[in-house]
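Working notes for the structure below.
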Protein chains: 2
Amino acid sequence: MSANKPPAKRTYQSTEQRQSATVEAVVQLCAEQDPSTLTTARIADEVGLSQGALFKHFPNKNSLWESVAAWVSEQLTQRVFSVADQHEQADKALEAMFLAHIGFIARHPGIPRLMLGELQKPGNSAAKRIVRQTLANYRQKVISLLNLGIQQHRITSTIDTEAAAVLYLGAIQGLVVQGMIGGDIHSLEQAAPRIFRLYSASFQEVPDAPQT
Amino acid sequence: MSANKPPAKRTYQSTEQRQSATVEAVVQLCAEQDPSTLTTARIADEVGLSQGALFKHFPNKNSLWESVAAWVSEQLTQRVFSVADQHEQADKALEAMFLAHIGFIARHPGIPRLMLGELQKPGNSAAKRIVRQTLANYRQKVISLLNLGIQQHRITSTIDTEAAAVLYLGAIQGLVVQGMIGGDIHSLEQAAPRIFRLYSASFQEVPDAPQT
DNA sequence: CAAAATAAAGTAATTACTCACTTTCTTATG
DNA sequence: CATAAGAAAGTGAGTAATTACTTTATTTTG
């Protein structure tokens, strides 16, 4: 009778395309799901592939996590560092970085989960190394900007720069955790400027006559 | 020849004892392992029980997680709040809380993993509710102390108390994450006072003649 | 057509939980 | 006070479900 085979017309794509689509799918899925509970079946389904086909594009799951970590690291570093470089004054650069970081997270709520999840894993997986390295670079950038701010006489020279770098990252963490508790990711962007203002109060030079 | 049955002399303990021993074993194990990878077999082994026996004391794994969350919440709240109540001056109380919290984490490095892990889970498990409630109480306590500090003229009245509460929890988070990156949990207690000093600089009233 | 991409079914390993049975503890009673 | 009986705690061997990864055969495409 009717057709024995409605040929289903699959669309084939290159491994490269599938790889980046898969990475983005993972980031997307992490917005709603604990990364450690993500199965290859669920990921493949999101990409629109059979589970088996996934392993034609990634040799194994670890390698997929590595690609995801690399993507996150690249995106985060690029976006955050590039806005920092648009500002002459170190304190303005720090603020811009802070807001850019929160904005990035607000658009990709799965990212804190991903990074924290990797850090919590035991051992020294490639993904974990990438995350750790990214955070170390980030921290160094903050310290450099703080030192620059001191030179510019916009940050008090008595500041404990290492502590200030930890507190900077902590401020972001605090916002993220608060968002996880409240469940509303979008309130992050509203709260971010208030948090940064308070943070910067801890080291701001208070000139009597500030010039714009 | 020798005995057909060395009777093995098991020691039986009450369900209550086993429950608390199990909870502590979980907290202990989380110091070295991602909570989401903890199996009932591993836990039972740590307690010194067969895997099946675990289910004589907990109806299921979720219930175990609930008990763990309750234990953590109780311990943390009790320890942190009790040191706060030993101080008249709100800023001193905040500092004591901060250091007590970090000390607690340093002695139980699995606890941040546990709490963050629960928060990241989807749904509304009992354990997640407990963690969320605990953090909400904590936050409220910080806000109350900040307000008290304003009354006592030890904290500047222009402070954004909500932001300060977020930054307070963020400072702890930042320390913890820094510890996870570095891998050394004990450096936490050294770094903690420096972080708190910087944090408190963001709202400290600066009297010209401070009296001890 | 040949190579790459995909589906679909299969496999071995892991895991939470169950079950049938044994060992220890508790307690009431002669 | 000794002891038998029942309750509680424990074991060890399952089981069904899940999961990362494989294999085989089919479809698309340059």
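Per-structure values
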| item | result |
| --- | --- |
| Test item: A:129-139 mean partner chain Cβ contacts at 10 Å | 1 |
| Positive-end extreme of charge dipole, the protein assembly as shown - chosen from B:131, A:198, B:98 (charges on Cβ) | B:131 |
| Cα-projected label distance for residue A:151 with residue B:153, points at 7 Å along beta-carbon direction, nm | 4.3 nm |
| Given charges at beta-carbon only (K, R positive; D, E negative), |dipole| of region A:13-58 in Debye | 200 debye |
| Kyte-Doolittle mean at least 1.0 and Cα axial length at least 27 Å: DSSP H helices in chain B | B:161-182 |
| Spatial separation of Cα centroids for region A:24-95 and region B:12-36, in angstrom | 34 Å |
| Gyration tensor verdict on the protein assembly as shown (Cα atoms; rounded if a/c is under 1.5, prolate if a/b is larger than b/c, oblate otherwise) | oblate |
| Cβ-placed point charges (K, R +1; D, E -1), dipole of region B:61-201 about Cα centre in debye, nearest 20 | 340 debye |
| Radius of gyration and Dmax over the Cα atoms of chain A, both given in Å | 21.4, 90 |
| Shortest-first distances to equivalent copies, position residue A:28, nm, label 7 Å out along Cβ | 4.5 |
| Summed side-chain charge close to residue A:92 - residues other than residue A:92 whose Cβ falls under 14 Å, Lys, Arg +1, Asp, Glu -1 | -3 |
| DSSP-assigned coil residues among GluC sites (Glu not before Pro) in region A:71-152, each with at most 13 further Cβ atoms within 10 Å | A:88 |
| Position residue A:182, label points 7 Å along Cα→Cβ, spacing to each other copy in nm (shortest first, one decimal) | 3.1 |
| Modelled FRET efficiency - R0 25 Å, residue A:126 with residue B:41, Cβ distances, 0.05 increments | 0.35 |
| Distances in nm from residue A:89 to the matching label points in the other copies, shortest first (labels 7 Å along Cα to Cβ) | 3.3 |
| Net +/- balance of residues flanking residue B:117 in space, Cβ distance below 12 Å, scoring K and R +1, D and E -1 | +2 |
| Residue A:86-residue B:61 FRET efficiency (beta carbon distance; Förster radius 56 Å; 0.05 resolution) | 0.65 |
| Normalised per residue, the volume of the convex hull around the Cα set of region B:12-58 (Å³) | 62 Å³ |
| Two-site label geometry, residue A:143 and residue A:74: point separation in nm, points 7 Å out along Cα→Cβ | 2.8 nm |
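Bear in mind that the values in this text are calculations on the coordinates, not laboratory data. Because the structure is predicted, anything quoted here is derived from the model rather than measured. A quick note on method: Cβ atoms are made from the backbone with ideal geometry, for glycine too, and the neighbour counts reach across all protein chains shown.
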